[in-house]
Amino acid sequence: QVQLVESGGGLVQAGGPLRLSCAASGPTFSRYVMAWFRQSPGKEREFVAAINSSGSGTYYADSVNGRFTISRDNVKNTVWLQMPSLKPVDTAVYFCAEGLHFGPQVGSAYNYWGQGTQVTVSS
């Protein structure tokens, strides 16, 4: 059974940085696509970024492209989301997810999810 545990969220002022981490259990982490999603109050969950199993390929939602960076370490079984300059619109609960296919931007394509970590950006 895969377990994903996010950390690194918090309260930050606009323009400030955060780095989210997602630690995965299990020996097969390197086989899977990893992604970050987020959900704000009253809104549907939205795709943020994904990285392929080797880490050689990434893609991002338009809203974060050029601002956020997803990366992974298959030895440490960890995926990160670097957010160096946050905006109030980035306020949300951020979830990491594990899936098989590199491409889908919908939550239904991912099989395992973490509990989420809150990111709050004040103006």
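The values are calculated or read from the model by the stated rules, or taken from the named source; none is laboratory data. Here the structure is a predicted model, which means the values were calculated and not measured. Reconstructed Cβ throughout: ideal geometry from the backbone, glycine too, with neighbour counts over all protein chains shown. We work out accessible area using only protein heavy atoms, side chains counted, and drop any ligands, DNA or RNA first. Shrake-Rupley method; radii C 1.70, N 1.55, O 1.52, S 1.80 Å.
When VAL12, VAL75 are screened for being aliphatic (A, V, I, L, M), exposed (fewer than 15 other Cβ atoms within 10 Å of the Cβ) and outside any helix (DSSP H, G or I), only VAL75 passes. Applying the criterion of being more than 11 Å from the chain's Cα centre (by Cα) and among the polar types (S, T, N, Q) to the residues of the stretch 18-37, the residue that is farthest from THR78 (Cα to Cα) is THR28. When the residues of the stretch 87-111 are filtered to those that are open to solvent by less than 10 Å² (accessible area, probe 1.4 Å) and charged (D, E, K, R), the one that is modelled with the highest pLDDT is ASP90. Residues of the stretch 85-123 that are more than 11 Å from TRP36 (Cα to Cα), touching a Lys or Arg at 6+ places or on another chain (Cβ under 7 Å) and in contact (Cβ under 8 Å) with a residue 60 or more places away in the chain: SER85, VAL121.
Given the criteria open to solvent by 60 Å² or more (accessible area, probe 1.4 Å), among the polar types (S, T, N, Q) and closer than 13 Å to TYR94 by Cα, does GLN3 qualify? For GLN3, the condition - open to solvent by 60 Å² or more (accessible area, probe 1.4 Å), among the polar types (S, T, N, Q) and closer than 13 Å to TYR94 by Cα - is not met. Can you name every residue in the stretch 19-51 that is over 13 Å from VAL93 (Cα atoms) and open to solvent by 30 Å² or more (accessible area, probe 1.4 Å)? If the condition is that a residue be over 13 Å from VAL93 (Cα atoms) and open to solvent by 30 Å² or more (accessible area, probe 1.4 Å), then ARG19, ALA23, SER25, GLY26, PRO27, THR28, SER30, ARG31, TYR32 are the ones that fit.
Restricting the stretch 52-72 to residues that are assigned to a loop (DSSP other than H, G, I, E, B) and among the charged types (D, E, K, R), which is surrounded by the most Cβ atoms within 10 Å (Cβ to Cβ)? Full working, then the answer.
The initial filter retains those residues of the stretch 52-72 that are assigned to a loop (DSSP other than H, G, I, E, B), namely 52-57, 61-68.
Still in the list and also among the charged types (D, E, K, R): 62, 67.
Values: ASP62: 6, ARG67: 14.
The extreme case among them is ARG67.
Only a single item in (1) in contact with a Cys (Cβ under 8 Å, 6 or more places away or on another chain); (2) in a loop (DSSP other than H, G, I, E, B) is not met by PRO104, and it is number (1). The test for being part of a strand (DSSP E or B) and either closer than 19 Å to SER25 by Cβ or at pLDDT below 95 (or both) does not hold for PHE37. Quick one: is ARG19 outside any strand (DSSP E or B) and touching a Pro at 6+ places or on another chain (Cβ under 9 Å)? The answer is no for ARG19.
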